[in-house]
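Shown next, in structure tokens, is the structure this report addresses.
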Amino acid sequence: MKTPWHIWVVGILSLLWNAGGAFDWVMAHFAGESYMGMMTEEQRAWYQDFPAWAEVFWALGVWGAVIGSLLILVKSRFAVGAFALSIIGLIGNSVHSVLSMGNALVDMMGPGAMLFNLAIIIVAIALWAYAKRMTARGVLR
């Protein structure tokens, strides 16, 4: 089967989108004050108090998505599994957010950040569905 043009568009755009999440993860873990200094005290404390299980879910969400995007570009069916792991990571991270802050999270982060988190979940599900559809059509092997 000939590779459809949209596989490249989706692969590149999803890699760029997910690179933003990877940048945030790397900066939050390794840049220290140069990155975290842009946040309020409350936000910094919240990030610094992440339990280990939430860190694992955050990493799974971010890096599963980056790997899924790369796997789309190499036309691998394993993109479906990578995006599924990413969604599991997003769910776990969302559970941590709700359990640790509840409605106060909206006050701390602002409604824009909450809407952005919703967009992240929607995009992750859409990428998983796309990879699944392309695998079923034999594009991803």
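The values are calculated or read from the model by the stated rules, or taken from the named source; none is laboratory data. Keep in mind the model is a prediction, meaning the values are calculated, not measured. A quick note on method: Cβ atoms are made from the backbone with ideal geometry, for glycine too, and the neighbour counts reach across all protein chains shown.
Conditions (1) exposed (fewer than 13 other Cβ atoms within 10 Å of the Cβ); (2) under 16 Å from TRP63 (Cα atoms); (3) small (Gly, Ala, Ser), marked per residue:
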{"position": "PRO4", "(1), (2), (3)": "yes, no, no"}
{"position": "TRP17", "(1), (2), (3)": "no, yes, no"}
{"position": "TRP25", "(1), (2), (3)": "no, yes, no"}
{"position": "MET36", "(1), (2), (3)": "no, no, no"}
{"position": "MET39", "(1), (2), (3)": "no, no, no"}
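A quick yes/no check of all residues on (1) touching a Gly at 6+ places or on another chain (Cβ under 8 Å); (2) part of a helix (DSSP H, G or I); (3) modelled with pLDDT of 95 or more; (4) polar (S, T, N, Q):
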residue: LEU13; (1), (2), (3), (4): no, yes, yes, no
residue: HIS29; (1), (2), (3), (4): no, yes, no, no
residue: TYR35; (1), (2), (3), (4): no, yes, no, no
residue: MET39; (1), (2), (3), (4): no, no, no, no
residue: VAL56; (1), (2), (3), (4): yes, yes, yes, no
residue: VAL62; (1), (2), (3), (4): yes, yes, yes, no
residue: ALA65; (1), (2), (3), (4): yes, yes, yes, no
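Report the residue count in region 1-27 for those that are more than 12 Å from the chain's Cα centre (by Cα) and either touching a residue at least 60 places away in the same chain (Cβ under 8 Å) or within 12 Å of MET134 (Cβ to Cβ) (or both).
Adding up the residues that qualify gives 9.
Any chance you could count how many residues in region 50-66 are crowded, with 19+ Cβ neighbours inside 10 Å and over 11 Å from GLY89 (Cβ atoms)?
1
Which condition number does SER76 fail, the rest of (1) of a type in the set (Ser, Thr, Tyr); (2) in a helix (DSSP H, G or I); (3) closer than 18 Å to ALA124 by Cα being met?
Unmet condition: (2).
Just to verify a result, which residue in region 85-137, among those that are free of Cβ contacts under 8 Å to residues at least 24 places away in the same chain and of a type in the set (S, T, N, Q), is farthest from MET38 (Cα to Cα)?
ASN103
Working only within region 53-84, note down all residues that are closer than 21 Å to ASP24 by Cα, in contact (Cβ under 8 Å) with a residue 24 or more places away in the chain and β-branched (Val, Ile, Thr).
Result: VAL56, VAL62, VAL66.
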